[in-house]
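Read-outs throughout are calculated quantities, based only on the coordinates presented, and are distinct from any laboratory measurement. If you're wondering where the values come from, they're calculated on a predicted model, not measured in any experiment. As a convention, Cβ positions derive from the backbone with ideal geometry for all residues, glycine included, and neighbour counts pool all protein chains shown.
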Amino acid sequence: MCTGIVETVEVSGSGKGPHGWFKLEQVNVSYDHPTDASLEHALNIDFVNQSEGPSSRVAVELSPESARNLVKAILDALSLKQQ
Amino acid sequence: MVSVGAMHPYTTDMYEGMLAETIMLPGNNGEIINAYYARPLGPGPFPGVVLIHHMPGWDELYREFTRKFAHHGYLAISPNIYFRFGHGSPDDMSAKVRGSGGVPDVSVVGDIDASARYLKSFPLSNGKVGVFGTCSGGRQAFLVASRTKTFDAAVNCWGGNVVQPKEKLTPAQPVAPIDYAKDLSCPLLGLFGEEDKNPTPESVSRLEEELKKYGKNYEFHMYPGAGHGFFYYPGVGYRPEAAVDGWKKMFMFFEKYLGTPGRGR
């Protein structure tokens with residue numbers, strides 16, 4: 001299944017890749033083939049900085065259920081900040 | 001020269017040799033790209049196959065596939081269709097291409113066509129060249145076989161988005177490949193899994209209707225119990241029986257339309 005499903009968002013922050021910390025500029029979220037996860041399709045998130053080259057990337061490949069749990073955890077953490 | 005199609009196993013007294021290396025060649029618009037080229041040693045002549053790598057990248061699996069074709073007596077070349085996006089590990093490059101909107105169809109067609117011409121110009125070529133691709137490469141194999149008249153046979157393995165609804169068209173992929181079906185210029189073999197979600201059995205049937213309408217020479221096989229990527233032995237989608245049968249059908253198909261492959265002895 002090559003879905004071609006990709007959503008892109010600009011972000012600010014830092015990520016730690018194979019060469020250490022780097023400035024994040026973009027996150028690409030796709031639902032398609034994973035490289036490593038034992039899933040036919042995965043929710044793939046790539047935190048990248050295009051200007052620093054393709055290896056400036058923090059990648060995760062999650063099952064759909066895990067991805068939903070992650071979204072909930074992020075939103076929960078942010079809502080706690082506001083209390 | 002010895003026939004080594006799927007029905008002709010080799011014998012243990014044969015000499016066997018292969019050259020496999022990365023080369024540079026002119027791709028789309030004459031722009032230089034790199035490619036992995038494997039060929040049997042020996043005088044030939046050999047038929048050729050261009051392999052279009054899948055969406056996960058120009059990776060180790062495609063080098064294995066390329067050498068497999070050379071082992072079976074073909075000049076086999078796998079161009080790096082992501083070359084213009086820069087260099088890094090195959091998965092980093094795949095992620096970069098994915099995040100950049102995908103590789104443009106026009107550059108893929110140009111790179112694959114140029115790779116076939118490179119093979120045909122090789123002194124050991126028998127003048128026949130096929131194209132093979134899996135996943136996005138299957139879609140692109142169908143596309144290039146329809147947009148050019150360079151190929152003598154094409155194999156589309158589970159290519160998704162050949163039937164591409166308008167809402168899924170993008171600047172990089174502006175036309176659904178099925179819209180070019182009337183221009184398909186060579187025999188087509190299609191290998192698909194019944195449990196695949198893209199292409200679904202319904203979209204394979206839709207493509208088949210279109211090929212029938214234009215009187216095209218095609219042969220489709222739909223494997224029960226298989227989904228997407230059933231050749232990929234490192235993955236969860238690997239289905240040994242379907243994979244073994246698929247390779248066998250593919251070698252028979254290529255032998256029929258590209259001529260007898262050689263081992264180079």
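Highest GNM mean-square fluctuation, chain B, Cα pairs closer than 10 Å: which of B:Pro26, B:Pro234, B:Pro40?
B:Pro234
Which value in nm describes the separation of the simple spin-label points at A:Ile5 and B:Glu31, placed 7 Å from the Cα toward the beta carbon?
3.0
Identify all lysines with a Cα-Cα distance to A:Lys16 below 22 Å; exclude those on the same chain that are fewer than 8 residues away in sequence.
Within the straight-line limit of under 22 Å, A:Lys16 reaches these lysines: B:Lys96.
Please work out the C-alpha center-to-center distance from the stretch B:109-188 to the stretch A:33-83 and express it in whole Å.
34
Take every residue in peptide A:33-45, count the Cβ atoms of other chains within 10 Å of its Cβ, and give the average of those counts. It would help to have the intermediate numbers written out before the result.
Numbers: counts 12, 4, 10, 3, 2, 3, 3, 9, 5, 0, 0, 3, 0.
For this peptide, the per-residue mean of nearby foreign Cβ atoms is 4.
What spacing in nm lies between the two simple spin-label points modelled at A:Trp21 and B:Phe85, each 7 Å away from Cα in the Cβ direction?
Taking the simple label geometry, A:Trp21 and B:Phe85 are separated by 2.9 nm.
Between A:Pro54, A:Pro34, A:Pro64, which gets the highest mean-square fluctuation from a Gaussian network model of chain A, Cα cutoff 10 Å?
Looking only at A:Pro54, A:Pro34, A:Pro64, the largest GNM fluctuation is found for A:Pro54.
Arrange B:Phe46, B:Phe65 by Cβ neighbour counts within 10 Å, fewest through most, would you? Mind dumping the intermediate values first?
On the way: B:Phe46 29, B:Phe65 21.
Lowest to highest Cβ neighbour count: B:Phe65, B:Phe46.
For B:Lys182, which lysines qualify as cross-link partners when the Cα separation must be under 18 Å and same-chain residues fewer than eight apart are set aside?
In chain and number order, the partners are B:Lys149, B:Lys212, B:Lys213, B:Lys216.
For A:Leu80 and B:Lys68, FRET efficiency with R0 = 45 Å and r from the beta-carbon atoms, rounded to 0.05? Mind dumping the intermediate values first?
Numbers: r = 55 Å, r/R0 = 1.22.
It comes to 0.25.
Within 10 Å of each Cβ in peptide B:91-103, how many partner chain Cβ atoms are there on average? Round it to a whole number, please.
Working: counts 7, 11, 2, 6, 9, 8, 1, 10, 12, 4, 3, 3, 0.
So the per-residue partner count for this stretch is 6.
Net charge within 9 Å of B:Ala95 by Cβ-Cβ distance, Lys/Arg positive one each and Asp/Glu negative one each, not counting B:Ala95 itself? Can you show the working numbers first?
Numbers: positive: A:Arg57, B:Lys96, B:Arg98; negative: A:Asp46, B:Asp91, B:Asp92.
Taking every other residue near B:Ala95 into account, the sum is 0.
Which order, highest average first, do B:52-63, B:172-183, A:36-47 follow once you tally other Cβ atoms within 10 Å for each residue and take the mean per peptide? Let's see the in-between values first.
Working: B:52-63: 21.9, B:172-183: 17.2, A:36-47: 19.2.
My ranking of the peptides, most packed first, is B:52-63, A:36-47, B:172-183.
Using the number of other C-beta atoms within 10 angstrom as an exposure proxy, rank B:Leu119, A:Leu70, A:Leu78 with the fewest first. Let's see the in-between values first.
Values: B:Leu119 26, A:Leu70 14, A:Leu78 9.
In increasing order of surrounding Cβ atoms, one gets A:Leu78, A:Leu70, B:Leu119.
Test of understanding: ordering B:Val108, B:Val204, B:Val236 by Cβ neighbours within 10 Å, fewest first, what list do you get? The partial results should precede the final answer.
Details: B:Val108 28, B:Val204 22, B:Val236 12.
Ranked by crowding around the Cβ, least crowded first: B:Val236, B:Val204, B:Val108.
Helix-only estimate, please: 222 nm mean residue ellipticity of chain A, summing -39500 (n - 2.57) across DSSP H runs of length 4 or more and dividing by its residues, to the nearest 500.
Values: 1 runs with 18 residues, N = 83.
Helices in chain A give a 222 nm mean residue ellipticity of -7500 deg cm²/dmol.
Can you compute the label reach from B:Ala172? Point 7 Å from Cα along the Cβ direction, backbone N cut-off under 12 Å, restricted to the stretch B:65-94.
B:81-86, B:93-94
Which whole number gives the average count of other chain Cβ atoms within 10 Å of the Cβ atoms across peptide B:225-232?
Partner Cβ neighbours, averaged per residue: 2.
If Lys and Arg each add +1 and Asp and Glu each add -1, what is the summed charge of the other residues whose beta carbon sits under 13 Å from the beta carbon of B:Met250?
Details: positive: B:Lys68, B:Lys248, B:Lys249, B:Lys256; negative: B:Glu219, B:Asp245, B:Glu255.
Once positives and negatives cancel, what remains is +1.
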